[in-house]
Amino acid sequence: MRPVGYLLFKVFFRLKVYGSEFIPEKGGVIIAANHVSFLDPPLLGVVLKRRATFIAKRYLFSMPIIGHIVKLYSIPVDAGRTRPSTIKEAVKRLKMGELVVIFPEGGINLNGSFIDAKRGIGLIAAMSGVYIVPAFIDGTQRALPVGSKFLRPAKIELHFGHPLKLEENEDAKEFEERICMDIMGKIKALSSCL
């Protein structure tokens, strides 16, 4: 499915991807991306060369048709509150060498501005100790705006940045706080590449 999906994004949305070399080929890694459209998870799913597991809102798991796909590739999270079980499951998968996609803002950002990251990404990053690769998505909000039922022609770009990791003299708590404070700034900095 991935090659077909990638081809569709290339043909219909003139997809351009930059910085994919920053994503480690193996080992646990977090992809932290802005979230502006329901099209973002499928985009990342076809662009990433590794199988991705998403942190997804629990209500998506019960949606007709989409819910079956979401269950295969996602860990559920409750709106407004991250349960310890979600954190533990994400950390377990990362320690097993999986790639996990997190939208640090906690959901779709309707106005496109950058808001502070939720605490969950810092906790998961600190407990797993894996690389965090920032990613900036542009164009999906025009291709499939929230509330729209139909796709529209729009150019889509995806930019990956240099990975962040626990520094040698940094403890887990400091790393957790740094990620919560810095990750959206790193994603925002990638938007200047447009």
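The values are calculated or read from the model by the stated rules, or taken from the named source; none is laboratory data. Source: prediction; values computed, not measured. Methodologically, a virtual Cβ is constructed for each residue, glycine included, from the backbone with ideal geometry; neighbour enumeration extends over all protein chains shown. For accessibility, only protein heavy atoms count, side chains too; no ligands or nucleic acids. Shrake-Rupley method; radii C 1.70, N 1.55, O 1.52, S 1.80 Å.
What does the accessible area of Ser20 come to, in Å² to the nearest 10, when a probe of 1.4 Å is used?
We get 50 Å² for Ser20.
Suppose accessible area is computed on protein heavy atoms with a 1.4 Å probe; arrange Met1, Met63, Met181 from highest to lowest.
Ranked list, largest accessible area first: Met1, Met181, Met63.
Let me check I've understood the local charge: for Leu8, count other residues with C-beta under 14 angstrom from its C-beta, Lys and Arg +1, Asp and Glu -1. What total comes out?
+3
Once you have a ≥ b ≥ c as the square roots of the Cα gyration tensor eigenvalues for the range 116-169, tell me rounded if a/c is under 1.5, and otherwise prolate or oblate according to whether a/b is larger than b/c.
Cα axes put the range 116-169 in the prolate bin.
If you fit an axis through the alpha-carbon atoms of helix 2-13 and take the longest principal axis of the Cα set of the chain, what angle between them do you get, 0 to 90°, nearest 10?
60
Cβ under 12 Å from Leu123's Cβ, Leu123 left aside: what net charge do those residues give with Lys, Arg +1 and Asp, Glu -1?
+3
Per residue, what accessible area does the chain have, given a 1.4 Å probe and all protein chains present, in Å²?
Roughly 55 Å² per residue, with all protein chains present.
Past the 28 Å Cα-Cα mark, which pairs from Lys26/Lys155; Lys149/Lys186; Lys71/Lys149; Lys10/Lys149; Lys88/Lys186?
Beyond 28 Å between Cα atoms: Lys26/Lys155; Lys149/Lys186.
Just from its helices, what would the mean residue ellipticity at 222 nm be for the chain, if runs of 4 or more DSSP H residues each count -39500 (n - 2.57) and the sum is divided by every residue, rounded to the nearest 500 deg cm²/dmol?
After summing the helix terms and dividing by residue count, I get -11500 deg cm²/dmol.
Can you give me the long-range amide H partners of Gly106? Hydrogens built in the peptide plane at 1.01 Å from N, cutoff under 5 Å, separation of 5 or more residues or another chain.
The list, which skips near neighbours in sequence, is Lys118.
Take every DSSP beta bridge whose two residues both sit in the chain, then give the antiparallel share in percent to the nearest 5.
25
Quick one: net charge around Pro153, please, counting Lys, Arg +1 and Asp, Glu -1 for every other residue with C-beta under 10 Å from its C-beta.
Summing Lys/Arg as +1 and Asp/Glu as -1 gives +4.
Order of 103-116, 145-158 by packing, highest average Cβ count within 10 Å first?
By packing density, highest mean first, the sequence is 103-116, 145-158.
Roughly how much of Lys173 is accessible, in Å² to the nearest 10, using a 1.4 Å probe?
Near enough 100 Å² of accessible area.
With every protein chain left in place and a probe of 1.4 Å, what is the accessible surface of Ser191, to the nearest 10 Å²?
About 30 Å², rounded to the nearest 10.
Can you pull the percent of the chain's accessible area that's carbon plus sulfur, 1.4 Å probe, other chains left in place?
For the chain, the apolar C and S fraction of the accessible surface comes to 59 percent.
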